Amino acid sequence: MGERIGLSDEEWAIIGALLPPETGRACRPAQDNRLYFEGMMWIARTGSQWRHLPDEYGKWNSVFRRYRRWVTTGVFDAMLETLAEMVERDATAYMIDSTVVRAHHCAVGIKKGIRRPRRLADRAVASAPNSTPDADAKGRPLGFVLTPGQTHDIQGFGPLFRMIADKIEALLADKGYDADAIREELTKADVEAVIPAKSNRREPIAHDREKYRWRNLVERLFNKLKNWRRIATRYDKTKESYLGFVNLVSVLQWIPFVHET
């Protein structure tokens, strides 16, 4: 079935402690969390359908049901937040950006009573902190918001900024976020706006060009996330399932930095 996708013992020591214990149902014992988590990683990496999950990870339906349970109870969100808090971060500058994720036709056709997926595309907006402008600077994911593909980047600003407003000194963003409302909100929060002015702005606003050069880190972050096929293309019918995979892969991005602490 190809190369096995899994975690080292050191990585599992961190991940395993953040997962809820599973007791199983009735007289059936629950399978190993590590085995199931690695099965979820396999799905995220390959983008395959759940029923094609190799048997070595357990029954595909059992892995899927546990994944959905962890998604609905916010396990992956909590893991991402916990790991981010475990690592000492430089508050010099955080950044936000957006990327378009094409929805596969499998994402269409949902059961009654569940919200319909975005038909064309989803826009994932991420906030990622960096360390310093030197070679050790890293772009690491903090949070994500999904918006319809046709909406403007600004729609994702509010929810993301509330995650980080009290922790940063400067916010980096591209021209898509050059709006008076955003600049006013940053000023009220005493956060420096490192945002280039649009060419049609009547009175151009200067920005710190040196700091703005760091923004490539969030672009590189998106590239890393999209190496996982389940992230690059949306196959999931619900946004919760899709965001679950985004958060799962983001958790793995933090592991090397946790080892450094």
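Need the failing condition index for Ile182 against (1) modelled with pLDDT of 80 or more; (2) under 24 Å from Thr238 (Cβ atoms); (3) outside any loop (DSSP other than H, G, I, E, B); (4) open to solvent by less than 20 Å² (accessible area, probe 1.4 Å), just the number.
Evaluating Ile182 over (1) modelled with pLDDT of 80 or more; (2) under 24 Å from Thr238 (Cβ atoms); (3) outside any loop (DSSP other than H, G, I, E, B); (4) open to solvent by less than 20 Å² (accessible area, probe 1.4 Å) leaves (2) as the failure.
The conditions are (1) modelled with pLDDT of 90 or more; (2) within 30 Å of Arg65 (Cβ to Cβ); (3) of a type in the set (S, T, N, Q), and Thr238 fails exactly one of them. Which is it?
Thr238 satisfies all of (1) modelled with pLDDT of 90 or more; (2) within 30 Å of Arg65 (Cβ to Cβ); (3) of a type in the set (S, T, N, Q) except (1).
Name the single residue that is nearest to Thr72 (Cα to Cα) among those in segment 15-31 being modelled with pLDDT of 85 or more and open to solvent by 30 Å² or more (accessible area, probe 1.4 Å).
If we filter segment 15-31 for residues that are modelled with pLDDT of 85 or more, which is where we start, we get 15-20.
Filter once more, so that each one left must be open to solvent by 30 Å² or more (accessible area, probe 1.4 Å): 17-18, 20.
Numbers: Ala17: 19, Leu18: 16, Pro20: 13 Å.
Looking at the filtered set, the residue picked out is Pro20.
Quick check on Gly39: is it surrounded by 17 or more Cβ atoms within 10 Å (Cβ to Cβ), in contact with a helix residue (DSSP H, G or I) (Cβ under 7 Å, 6 or more places away or on another chain) and at pLDDT 85 or above?
Details: surrounded by 17 or more Cβ atoms within 10 Å (Cβ to Cβ): yes; in contact with a helix residue (DSSP H, G or I) (Cβ under 7 Å, 6 or more places away or on another chain): yes; at pLDDT 85 or above: yes.
Judged against the criteria, Gly39 is a match.
Are any residues in segment 217-261 outside any helix (DSSP H, G or I), among the hydroxyl-bearing types (Ser, Thr, Tyr) and in contact with a Phe, Trp or Tyr (Cβ under 9 Å, 6 or more places away or on another chain), and if so, which ones?
Within segment 217-261, the subset outside any helix (DSSP H, G or I) is 226-228, 233-238, 261.
Still in the running and among the hydroxyl-bearing types (Ser, Thr, Tyr): 233, 235, 238, 261.
Matches in segment 217-261: Tyr235 only.
In this structure, is Lys167 within 19 Å of Val71 (Cα to Cα), touching a residue at least 60 places away in the same chain (Cβ under 8 Å) and open to solvent by 20 Å² or more (accessible area, probe 1.4 Å)?
Values: within 19 Å of Val71 (Cα to Cα): no; touching a residue at least 60 places away in the same chain (Cβ under 8 Å): yes; open to solvent by 20 Å² or more (accessible area, probe 1.4 Å): yes.
The answer is no for Lys167.
Which residues, counting only those in segment 176-189, are among the basic types (Lys, Arg) and either in contact (Cβ under 8 Å) with a residue 24 or more places away in the chain or over 18 Å from Arg215 (Cβ atoms) (or both)? Walk me through it before giving the result.
Within segment 176-189, the first condition is being among the basic types (Lys, Arg), and the residues that meet it are 183, 188.
Once the filter is applied, which keeps residues that are among the basic types (Lys, Arg) and either in contact (Cβ under 8 Å) with a residue 24 or more places away in the chain or over 18 Å from Arg215 (Cβ atoms) (or both), segment 176-189 yields only Lys188.
Asn200 is checked against (1) farther than 30 Å from Ile14 by Cβ; (2) part of a loop (DSSP other than H, G, I, E, B); (3) touching a residue at least 12 places away in the same chain (Cβ under 8 Å) and fails just one. What number does that condition carry?
Among (1) farther than 30 Å from Ile14 by Cβ; (2) part of a loop (DSSP other than H, G, I, E, B); (3) touching a residue at least 12 places away in the same chain (Cβ under 8 Å), Asn200 violates only (3).
Being under 19 Å from Asp236 (Cα atoms), more than 15 Å from the chain's Cα centre (by Cα) and open to solvent by 20 Å² or more (accessible area, probe 1.4 Å) is the requirement here; does Phe64 meet it? Working first, answer last.
Working: under 19 Å from Asp236 (Cα atoms): yes; more than 15 Å from the chain's Cα centre (by Cα): yes; open to solvent by 20 Å² or more (accessible area, probe 1.4 Å): yes.
It is true that Phe64 is under 19 Å from Asp236 (Cα atoms), more than 15 Å from the chain's Cα centre (by Cα) and open to solvent by 20 Å² or more (accessible area, probe 1.4 Å).
Among the residues in segment 75-88, are any farther than 22 Å from Pro21 by Cβ, open to solvent by 20 Å² or more (accessible area, probe 1.4 Å), in contact (Cβ under 8 Å) with a residue 60 or more places away in the chain and outside any helix (DSSP H, G or I)?
So far as segment 75-88 goes, yes, one or more of its residues are farther than 22 Å from Pro21 by Cβ, open to solvent by 20 Å² or more (accessible area, probe 1.4 Å), in contact (Cβ under 8 Å) with a residue 60 or more places away in the chain and outside any helix (DSSP H, G or I).
The values are calculated or read from the model by the stated rules, or taken from the named source; none is laboratory data. As the structure is a prediction and not an experimental result, all values here were calculated from the model. Don't worry about glycine lacking a Cβ; one is built from the backbone with ideal geometry, like all the others, and counts go over all protein chains shown. Just the protein is used for accessible areas: all its heavy atoms, side chains included, with ligands, DNA and RNA removed. Shrake-Rupley method; radii C 1.70, N 1.55, O 1.52, S 1.80 Å.
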